[in-house]
Structures are given as C-alpha cells and as structure tokens.
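Since the structure comes first, as structure tokens, the remarks are kept for the end.
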Amino acid sequence: GAGSLYSTTADLHRWTVALFGGKLLRPASLTKMTTPVDSGYAYGLAVGSSDGRRRFSHGGSAVGFASYLTYYPESQVTIVVLANARPPVIQGEQAAIVVVANWLGILAHGGTVTLPARR
C-alpha cells in the first residue's frame with residue numbers, strides 16, 4: 001500500500017506462505033496471478049529470475065518508508081526488506097532496498113556476495 005499500513009517481516013512471511021501455499025487462492029488463480037502479462041509483470045507481481053531461479057517480487061515506497069518482498073517458489077525462500085526511509089539508488093537504476101534483497105536471495109541459496117567498497 002501507499003501508506004497507513006503497518007507490517008513486520010514475520011507478517012509478510014506469513015502472508016507469502018499463505019498466498020503460495022494454497023490457503024488464499026485456487027491453484028488456477030495463483031497460476032494466472034504469477035504469469036506475466038506485460039514485460040515481466042503479472043497481476044500484482046514482478047516475475048523474473050535471479051541466478052537461474054524463478055522469483056516473484058514487489059516493492060513500494062513513500063515518504064518515510066520502503067519495502068521489498070521476493071519469493072523463490074522452488075526453494076520456498078521469502079526475502080523481506082523493510083526500511084524507515086526511501087533508500088537511495090546504488091546500482092544502476094536499482095534502489096538500495098532491491099539490491100539488498102537480491103544479495104540476501106543469493107546468500108540464502110548458498111551463493112556469495114561481494115559488497116561494494118566503503119565510501
């Protein structure tokens with residue numbers, strides 16, 4: 001949402017488990033929701049891949065906060081990153097919160113991450 005919401009990483013994880021675990025949608029509806037219809041965007045989710053792993057994600061921000069959630073369906077890994085400020089752009093066009101979520105996804109799947117040099 002664009003504001004006036006409160007959530008925690010635990011709440012967002014429970015939401016993801018319910019959504020992708022068949023507790024909220026019928027399988028056909030979930031398939032439709034996660035099938036891209038416009039340039040990698042499905043019905044409410046970005047659909048893509050990272051290191052060859054399929055993932056669904058979405059983020060949002062407004063004055064004073066930012067959030068990003070990524071779910072890897074094959075491994076059932078959920079990454080939630082919350083910030084109390086709108087993060088800066090640090091890699092190309094990606095916001096810092098997206099970059100951190102991507103790094104956490106790599107680490108969660110046994111990969112390694114090289115952090116940028118300290119400024």
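Answer with yes or no whether VAL77 is modelled with pLDDT of 95 or more, out of contact with any strand residue (DSSP E or B) (no Cβ under 6 Å at 6 or more places or on another chain) and more than 22 Å from TYR6 (Cβ to Cβ). Criteria met by VAL77.
Of the residues that sit in segment 1-54 and are acidic (Asp, Glu) and open to solvent by 70 Å² or more (accessible area, probe 1.4 Å), which one is nearest to ALA101 (Cα to Cα)? Steps first, answer last, please.
Just the residues of segment 1-54 that are acidic (Asp, Glu), to begin with: 11, 38, 51.
Pick out the ones that are also open to solvent by 70 Å² or more (accessible area, probe 1.4 Å) and you get 38, 51.
Details: ASP38: 23, ASP51: 13 Å.
Checking each candidate, the answer is ASP51.
Taking (1) surrounded by fewer than 16 Cβ atoms within 10 Å (Cβ to Cβ); (2) among the β-branched types (Val, Ile, Thr); (3) in contact with a helix residue (DSSP H, G or I) (Cβ under 6 Å, 6 or more places away or on another chain) in turn, THR78 satisfies each apart from (1).
Looking for something closer than 30 Å to ALA117 by Cβ and either charged (D, E, K, R) or touching a residue at least 12 places away in the same chain (Cβ under 8 Å) (or both) - is there at least one such residue anywhere in segment 37-47? Looking through segment 37-47, at least one residue is closer than 30 Å to ALA117 by Cβ and either charged (D, E, K, R) or touching a residue at least 12 places away in the same chain (Cβ under 8 Å) (or both). Across segment 15-31, a minimum of one residue is classified as of a type in the set (Ser, Thr, Tyr) and farther than 18 Å from VAL80 by Cα.
Within segment 105-117, residues that are within 17 Å of PRO73 (Cβ to Cβ) have Cβ atoms under 8 Å from residues that are exposed (fewer than 10 other Cβ atoms within 10 Å of the Cβ) and of a type in the set (S, T, N, Q) in these pairs: ILE106/THR112, counting only partners at least 6 apart in sequence or on another chain.
The values are calculated or read from the model by the stated rules, or taken from the named source; none is laboratory data. Only a predicted model underlies this, so the values are computations on that prediction, with no experimental measurement involved. Note that each Cβ is placed from the backbone with ideal geometry, even for glycine, and that neighbours are counted across all protein chains shown. We work out accessible area using only protein heavy atoms, side chains counted, and drop any ligands, DNA or RNA first. Shrake-Rupley method; radii C 1.70, N 1.55, O 1.52, S 1.80 Å.
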